[in-house]
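J.: One structure is given below, represented as structure tokens, and several questions about it will come after.
The values are calculated or read from the model by the stated rules, or taken from the named source; none is laboratory data. No experiment lies behind these values; they were computed from the predicted model shown. FYI the Cβ positions are ideal-geometry reconstructions off the backbone, even for glycines, and counts take in every protein chain you see. Ligands, DNA and RNA are excluded from the accessible area calculation, which covers all protein heavy atoms including side chains. Shrake-Rupley method; radii C 1.70, N 1.55, O 1.52, S 1.80 Å.
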Amino acid sequence: MYGFEALTFNVDGGYLEAIVRGHRAGLLTASDYNNLCQCENLDDIKMHLSATEYGSYLQNEPSPLHTTTIVEKCTLKLVDEYKHMLCQATEPLSTFLEYITYGHMIDNVVLIVTGTLHERDVHELLEKCHPLGMFDSIATLAVAQNMRELYRLVLVDTPLAPYFSECITSEDLDDMNIEIMRNTLYKAYLEDFYRFCQKLGGATSEIMSDLLSFEADRRAVNITINSIGTELTRDDRRKLYSNFGLLYPYGHEELAVCEDIDQVRGVMEKYPPYQSIFAKMSYGESQMLDKAFYEEEVKRLCLAFEQQFHYAVFFAYMRLREQEIRNLMWISECVAQNQKSRVHDSVVFIF
Amino acid sequence: MEEEEDQSLSFSEVVEEQQGQRGSEEENVVQFLDSLDSYLTLFDSLSSTLRQGWLELASARHSMGVSRINGTLLDLKPHSAATTLQVSEPDVDYMVGQPHFKLSKWASSNNENCCFGEEKIREDKLQTKSDSPQLRNRSQFSGTPATNGASLIVDDQVQKERSKSLSMFGTLVSPKLRSAQLSFETALETLVEIANMRSTMFSTSDQIRKEMAGPRDDNKRYCIAEEVCD
């Protein structure tokens with residue numbers, strides 16, 4: 001049973017909930033996607049997007065366009081909307097909105113560290129960072145030689161500091177350690193976000209628990225599939241799974257020992273919410289798994305808008321926009337490579 | 001009498017030689033046409049393999065995110081080439097004036113059992129390109145257990161080298177990125193086959209031209225033979 005959110009939510013959150021619902025109405029529709037899928041080149045895509053909310057961000061881009069330019073400009077729009085909402089938000093909504101960006105922060109940290117390991121220029125790496133995951137001292141990540149230094153010199157003053165307790169070692173940073181660091185940080189972040197939402201209670205807790213559990217389960221499946229045939233041991237694989245979600249703990253025990261995609265399928269089909277996802281794929285193939293997971297995620301995110309007076313609409317909107325940007329990236333790549341017949345392999349319609 | 005026998009022998013030798021030459025010419029023409037056909041087929045195959053590879057790479061970026069797969073992650077540290085191309089000198093016994101290209105795949109300075117060469121290329125072709133990760137760890141070849149054991153060792157080493165080259169994007173990468181890697185690997189093999197086929201084509205074309213320039217000598221010999229017979 002919820003409390004009386006309807007009485008008090010609008011005092012602090014009413015304006016921003018109205019804003020985010022307005023933004024949600026600006027998401028691309030099926031007819032927009034149909035028009036985009038029929039474009040002959042990237043300039044056609046730019047022309048079609050000029051009639052949408054992305055128009056002002058793309059209008060000044062010179063031809064010839066590149067797919068990365070389209071993705072960057074569309075991401076800038078999302079960043080502007082997010083910053084507007086963040087500067088208007090009060091506690092605890094402001095903390096909730098910051099939590100949404102910690103995943104990008106982790107990706108940026110790993111990008112800088114990996115690029116530095118490969119002797120790349122820091123400025124070049126900073127250009128590739130996601131704008132939602134930027135923080136002040138990010139450029140100084142390049143001086144760290146191991147995780148202890150990474151934490152002590154840079155990350156101790158960032159929101160990611162509490163997530164480092166499980167991966168502080170003096171081992172030098174190499175490809176495997178960086179990968180384990182990435183997944184360990186993300187696991188700690190998801191668990192922390194989950195606990196925060198539980199404390200908020202009400203509809204936020206209920207809806208966000210479902211969305212974050214799905215995220216944790218999807219990560220567990222992806223980690224399992226991506227680690228098959230690698231040097232990651234079963235124990236290390238098990239340690240990367242989050243300690244919540246529908247698959248926790250018995251599903252994780254079974255996933256940890258999977259050696260191929262069919263064994264993963266066997267584990268997941270025991271859980272009814274995931275039976276429909278794996279039913280779309282034939283045996284032995286995993287190409288459509290990403291799309292199936294995205295479709296399920298979009299369904300759950302859209303359902304978040306069916307209720308009022310909770311914070312999950314902000315999370316859902318950000319994720320739906322990111323999905324939209326992924327769709328635009330895929331359509332642009334198919335058009336640029338003259339492979340329009342494959343455009344529906346990965347586009348997930350939101351409405 | 002002996003002179004007449006000698007003359008008839010030389011005439012028959014000339015006729016046999018001419019028939020042999022015509023047979024050789026036809027063989028060269030057929031070989032040229034075969035190599036041209038193979039060359040064009042390989043080009044088509046290369047084009048479709050590259051298209052597939054680029055789409056799989058885009059699919060991997062879509063799946064893993066643009067921050068995980070981009071040009072800024074490429075390793076600029078000095079390191080040895082994973083794959084090398086060897087050009088062998090033209091061998092008189094094999095084909096006159098024809099260079100031969102050979103790919104040595106997945107050779108690294110850390111791996112003492114390097115230079116898998118063409119034999120490995122053939123073995124890799126038998127390995128089905130599939131998203132099923134189980135195929136990475138199981139042998140594809142039927143045969144004696146001893147053969148299978150050796151194939152497994154080579155297969156594991158190749159997989160390790162493949163994973164090492166992908167490690168710049170992380171150690172837990174999507175199967176789509178591995179598929180893209182296989183596609184580009186196949187495209188590289190096809191390129192070497194195209195180079196060899198092109199070399200064969202030019203070589204047979206040169207031979208045909210030489211043979212077409214050669215019939216005057218044959219006619220002269222035939223006339224001499226006729227004079228002898230007369």
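J.: Within the range A:118-160, can you find the residues that are away from chain B (no Cβ under 11 Å), in a loop (DSSP other than H, G, I, E, B) and either over 21 Å from A:Met318 (Cα atoms) or out of contact with any Ser or Thr (no Cβ under 8 Å at 6 or more places or on another chain) (or both)?
T.: A:Met134, A:Asp136, A:Ser137, A:Ala144, A:Gln145, A:Thr158, A:Pro159, A:Leu160
J.: Yes or no: the range A:334-341 includes at least one residue that is surrounded by fewer than 16 Cβ atoms within 10 Å (Cβ to Cβ), assigned to a helix (DSSP H, G or I) and modelled with pLDDT under 95.
T.: yes
J.: Residue under question is A:Asp290, and the condition is that it be surrounded by 18 or more Cβ atoms within 10 Å (Cβ to Cβ), within 25 Å of A:Leu320 (Cα to Cα) and acidic (Asp, Glu); does it hold? Before you say what the answer is, go through the steps one by one.
T.: Working: surrounded by 18 or more Cβ atoms within 10 Å (Cβ to Cβ): yes; within 25 Å of A:Leu320 (Cα to Cα): yes; acidic (Asp, Glu): yes.
The answer is yes for A:Asp290.
J.: Testing A:Gly115 on (1) touching an Asp or Glu at 6+ places or on another chain (Cβ under 8 Å); (2) open to solvent by less than 10 Å² (accessible area, probe 1.4 Å); (3) under 30 Å from A:Tyr311 (Cα atoms), one condition comes back false. Which one is that?
T.: Result: A:Gly115 fails condition (3) only.
J.: Output the number of the condition that A:Ile112 fails; it satisfies all remaining conditions of (1) away from every other protein chain (no Cβ under 11 Å); (2) within 19 Å of the chain's Cα centre (by Cα).
T.: Evaluating A:Ile112 over (1) away from every other protein chain (no Cβ under 11 Å); (2) within 19 Å of the chain's Cα centre (by Cα) leaves (1) as the failure.
J.: How do the helices (runs of 4 or more DSSP H) wholly within the range A:22-117 filter down when requiring 3 or more residues that are without any contact (Cβ under 8 Å) to a residue 24 or more places away in the chain and under 30 Å from A:Leu200 (Cβ atoms): which remain?
T.: In the range A:22-117, A:67-88 are the helices (runs of 4 or more DSSP H) which contain 3 or more residues that are without any contact (Cβ under 8 Å) to a residue 24 or more places away in the chain and under 30 Å from A:Leu200 (Cβ atoms).
J.: If you don't mind, there's one more thing I want to ask. Out of (1) open to solvent by 60 Å² or more (accessible area, probe 1.4 Å); (2) modelled with pLDDT under 50; (3) within 22 Å of A:Glu179 (Cα to Cα); (4) not aliphatic (A, V, I, L, M), the odd one out for B:Ser142 is which?
T.: (3)
J.: If you don't mind, another one. Looking only at residues in the range B:21-65 that are surrounded by 15 or more Cβ atoms within 10 Å (Cβ to Cβ) and charged (D, E, K, R), which one is farthest from the chain's Cα centre (by Cα)?
T.: Only one residue fits best here, namely B:Arg61.
J.: For the range A:218-309, give me every one of the helices (runs of 4 or more DSSP H) that falls completely inside it and has 1 or more residues that are hydrophobic (A, V, I, L, M, F, W, C), touching a residue at least 60 places away in the same chain (Cβ under 8 Å) and within 26 Å of A:Glu179 (Cβ to Cβ).
T.: A:234-240, A:289-304
J.: Something else about it: For the range A:227-245, what are the residues that are modelled with pLDDT of 95 or more and either within 18 Å of A:Gln275 (Cβ to Cβ) or facing chain B (nearest Cβ under 8 Å) (or both)?
T.: Scanning the range A:227-245 gives a single hit, A:Gly245.
J.: Another one. Can you list residue pairs whose Cβ atoms sit under 6 Å apart, with the first residue in the range A:182-202 being more than 17 Å from A:Phe214 (Cβ to Cβ) and the second being surrounded by fewer than 18 Cβ atoms within 10 Å (Cβ to Cβ)? Count only pairs 6 or more apart in sequence or on different chains.
T.: As it stands, the answer is A:Thr184/A:Glu166; A:Gly202/A:Tyr2; A:Gly202/A:Gly3; A:Gly202/A:Glu5, since those pairs meet every condition given.
J.: Then there's this: Could you list all residues from the range B:52-80 that are more than 7 Å from chain A (Cβ to nearest Cβ) and more than 26 Å from A:Glu322 (Cβ to Cβ)?
T.: If the condition is that a residue be more than 7 Å from chain A (Cβ to nearest Cβ) and more than 26 Å from A:Glu322 (Cβ to Cβ), then B:Gln52, B:Gly53, B:Pro78, B:His79, B:Ser80 are the ones that fit.
J.: Check A:Ala312 against each of (1) surrounded by 23 or more Cβ atoms within 10 Å (Cβ to Cβ); (2) facing chain B (nearest Cβ under 10 Å); (3) closer than 20 Å to A:Asp217 by Cβ and name the one condition it does not meet.
T.: (2)
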